[in-house]
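Reviewing the structure listed below.
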Amino acid sequence: MLAPRERLSDKRDRLKQLRAFCYAARLESISRAAERLDVTQTAVSTRVRDLEHELEAELFDRSGQRISRNSAGEIFYRLVAPLLDEVDELLHKFSQRLEMPISGELRIGASQCTATSMLPAHLKHYHDLFPEIRLQVRRCATEEGADLLLADEVDVLFGPQSLARSDETRDKLVFHPLYFYDYVLVTPLDHPLAGRDLVTEEDVAAYPMIRRSAGTHGSRPAAPAVQAPGSEPNVALYIESWNTTKRHVEAGLGIAVVPSACINDGDRLEIIPLTQHFKRQTGGIFARRGRPLSGAAEQLLALLEERVADGTSPQERLAP
């Protein structure tokens, strides 16, 4: 029989109790939990027992040195584990905020697709962590963005790794790789190619194409073409932006090759992989060589690297 709840009056060690319980439940061992928490086994056992007394319920099935969650322990673990994760995230955010300057500005260069698709979600997370930083997003074509970066009109630029290989920027910019993306074929939902897992050059050549033009702000090439050897692409129209290209595909004016990065959940498109035709691409952030990143820019880069590493960021959704 467990002691009545009133016998426990000191709740100042609640977080320690919950941590002891969660580690013991996860590792199924008091000794291993003590090792991870850097405390004695007696401390872990006492904290778990105090918690059980207060809850008036045993949380573990105990057999010698081994323990396992019983039904009550499983219910309690599912309630507590997410809360502790939130506490840990809070402490992490606080430590980041302490290292951050109290004011500043971060100027970001990005393509239209990046600026309107995945970037807002990342910047929302960044703003939640560092509300003192004033954010400015400047929409630009990639080559124009490189000029802006070199002219110190933006602090960082989102773009494809291929920009780092051009003669104009190879020795002037530093590239920080962050994500991957592929080229895919998009068609209307009712298109004859819809539902296919693979397409050939001959399949694509049979239908009008919508191609992305270089635009007026830079000379960046459009997406690569899928076409049969010796044939000319059947181009219905040229459009400057990926988002506008998608809308015209939805309207039935043609099919198009686009980066997977520009595909959103709300697009009414059929998506066909083209991995057999094109290599996977790498995107990331560019900075000016020889100039240290500002504190605000360093925090953004660190945040994106962390979100990509732990799977928080779906890399393919960040546009080149």
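The values are calculated or read from the model by the stated rules, or taken from the named source; none is laboratory data. Values in this document were obtained by computation on a predicted structure and should not be read as measured data. Reconstructed Cβ throughout: ideal geometry from the backbone, glycine too, with neighbour counts over all protein chains shown. Just so you know, the surface numbers come from the protein's heavy atoms only, side chains and all, with ligands and any DNA or RNA stripped out. Shrake-Rupley method; radii C 1.70, N 1.55, O 1.52, S 1.80 Å.
The residues on offer are ARG62, ARG14, ARG19, ARG49, and the sole one that is of a type in the set (Lys, Arg), surrounded by 11 or more Cβ atoms within 10 Å (Cβ to Cβ), at pLDDT 85 or above and within 33 Å of the chain's Cα centre (by Cα) is ARG19.
The set of residues from region 40-86 being among the small types (Gly, Ala, Ser) and assigned to a helix (DSSP H, G or I) comprises ALA43, SER45, SER71, ALA72, GLY73, ALA81. Close contacts from region 228-246, counting a first residue that is closer than 17 Å to SER260 by Cα and a second that is among the aromatic types (Phe, Trp, Tyr) and at pLDDT below 85, with Cβ to Cβ under 6 Å and a gap of 6+ residues or different chains, come to none at all.
Checking every residue in region 167-179 against the condition of being over 25 Å from ASP267 (Cβ atoms), outside any strand (DSSP E or B), basic (Lys, Arg) and open to solvent by 20 Å² or more (accessible area, probe 1.4 Å) gives at least one match. Could you count how many residues in region 249-292 are surrounded by 16 or more Cβ atoms within 10 Å (Cβ to Cβ) and outside any loop (DSSP other than H, G, I, E, B)? Within region 249-292, residues that are surrounded by 16 or more Cβ atoms within 10 Å (Cβ to Cβ) and outside any loop (DSSP other than H, G, I, E, B) number 20. Scanning region 216-242 for residues that are buried (at least 18 other Cβ atoms within 10 Å of the Cβ), modelled with pLDDT of 70 or more and within 21 Å of GLY145 (Cβ to Cβ) returns ILE239, SER241, TRP242.
Cβ separations smaller than 8 Å between residues 6+ apart or across chains give the following pairs from region 103-122 residues that are open to solvent by 30 Å² or more (accessible area, probe 1.4 Å) to residues that are among the small types (Gly, Ala, Ser) and part of a helix (DSSP H, G or I): GLU105/ALA296.
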